[in-house]
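Notes to accompany the following structure.
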Amino acid sequence: MRLATVTPASSEELREAVLADLDALSPGMRAVAASIPIAGRGAIDLLAADEHGGLALVSFHLEADPEAVARAVDQWEWIAANLGLLRALVPVVGLDLSRQPRLLLVAGAISGETLRLAACLAEPDIEIHEATLVSAGGARGVLLRRARAAGPIAAAAGIDPALAGLPAGEARSLMRRVIEELKGPREDGHGIAPEAIAGGVDLRREGRVFASLISTPRGVELRLFDPARSLPITDDAQCRDAARAISGASSGVTDRGGAPEIADSRAPARAALTTEEIAEFGRLGAAAPESGEGPAAPPGAPEERGTSDPPPVRILKTGFMEN
């Protein structure tokens, strides 16, 4: 009998093929629920339980690009932070919620950039599988191959090694600007050294971490530990404000009002924008809302649910559910 490959028409077709043989994805894996909408994060394609009862989030894509990785990680972070709520929404016998959830990404095609990005993430460990649909006579199946993570993304010219693990974009650009402002000799001879962490960098001086630059859903934030406060960073002027606040915090000098004096936005920045950052800031400026109310929803867009509203969940018929 001749075996032929089939081009999937959608990620849902990939999901249904994998659901027919979950053992091929991970021995002992059983389906729990599918199509779970999460406010602001899209819908989780599939939740499953592995052979040890640990929860597994599975994301399906025709082609896995860095954006697919970011979306899957965003959903995984929500799952990890809301395991109790998830048990209330999807009551399942035998789940071990003390285990950290697994994250699996299944795609028909996977780019090298995607593999390099996944390799740079300290958490979670993303299991990437390349799926090929096949048919023989009237029967269909799926072949799954575990993709090897590529080496880390090489640091771009002018990018501090501490930022090399962050994907190129707004967050990395803003953090780079702040770090560039802090370079150079200081009066006391002690420099400020950035140190890579998940989603940002710690700032260390004389062996002590005194601040962090963190990428959050609201944008980049500077978090000072003593005194404890945070500052938003959205543009070039605020990068300079953050650098001055860091310099003051590292030397024990604080502002009376708890916030740095606003710098003259016309003053030239010490670090020039890269070509990549010019394009990024241009895009952000064109898309920025005029008021603090956020962008308006497009006509006909569904109303977003609050996290307290139980979303409609498609429960799969397995022997895993409670009666």
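I'd like the residue in segment 203-215 that is at pLDDT 85 or above and in contact with a helix residue (DSSP H, G or I) (Cβ under 7 Å, 6 or more places away or on another chain) and, out of all such residues, is most open to solvent (accessible area, probe 1.4 Å).
The extreme case among them is S215.
Could you list all residues from segment 175-202 that are at pLDDT 80 or above and not in a strand (DSSP E or B)?
M175, R176, R177, V178, I179, E180, E181, L182, I192, A198, G199
Among all residue pairs at least 6 apart or on different chains, which show Cβ distances below 6 Å where the first residue, located in segment 108-131, is more than 20 Å from G169 (Cβ to Cβ) and hydrophobic (A, V, I, L, M, F, W, C) and the second is open to solvent by less than 20 Å² (accessible area, probe 1.4 Å) and in a loop (DSSP other than H, G, I, E, B)?
Within 6 Å, the pairs are I110/A147; I128/A147.
Out of the residues in segment 188-202 meeting the condition of being touching a strand residue (DSSP E or B) at 6+ places or on another chain (Cβ under 9 Å) and open to solvent by 70 Å² or more (accessible area, probe 1.4 Å), tell me which one is farthest from P124 (Cα to Cα).
For segment 188-202, the residue satisfying everything is H190.
Out of (1) buried (at least 17 other Cβ atoms within 10 Å of the Cβ); (2) at pLDDT 90 or above, what's the single condition that is false for E63?
Unmet condition: (1).
Could you pull out the residue among A68, A56, A48 that is open to solvent by less than 40 Å² (accessible area, probe 1.4 Å) and within 13 Å of the chain's Cα centre (by Cα)?
That would be A68, the only listed residue that is open to solvent by less than 40 Å² (accessible area, probe 1.4 Å) and within 13 Å of the chain's Cα centre (by Cα).
Between residues in segment 35-46 that are over 14 Å from N82 (Cα atoms) and residues that are hydroxyl-bearing (S, T, Y) and open to solvent by 40 Å² or more (accessible area, probe 1.4 Å), which pairs lie under 8 Å by C-beta distance while being six or more apart or on different chains?
Here the result reads A43/S35; D45/S35, each pair linking segment 35-46 to a residue that is hydroxyl-bearing (S, T, Y) and open to solvent by 40 Å² or more (accessible area, probe 1.4 Å).
State yes or no: is G138 open to solvent by 10 Å² or more (accessible area, probe 1.4 Å), free of Cβ contacts under 8 Å to residues at least 12 places away in the same chain and more than 11 Å from P66 (Cβ to Cβ)?
yes
The values are calculated or read from the model by the stated rules, or taken from the named source; none is laboratory data. Predicted model only: the values in this text are computed from it and were never measured. FYI the Cβ positions are ideal-geometry reconstructions off the backbone, even for glycines, and counts take in every protein chain you see. To get the accessible areas, we keep the full protein, side chains included, count just its heavy atoms, and leave off ligands, DNA and RNA. Shrake-Rupley method; radii C 1.70, N 1.55, O 1.52, S 1.80 Å.
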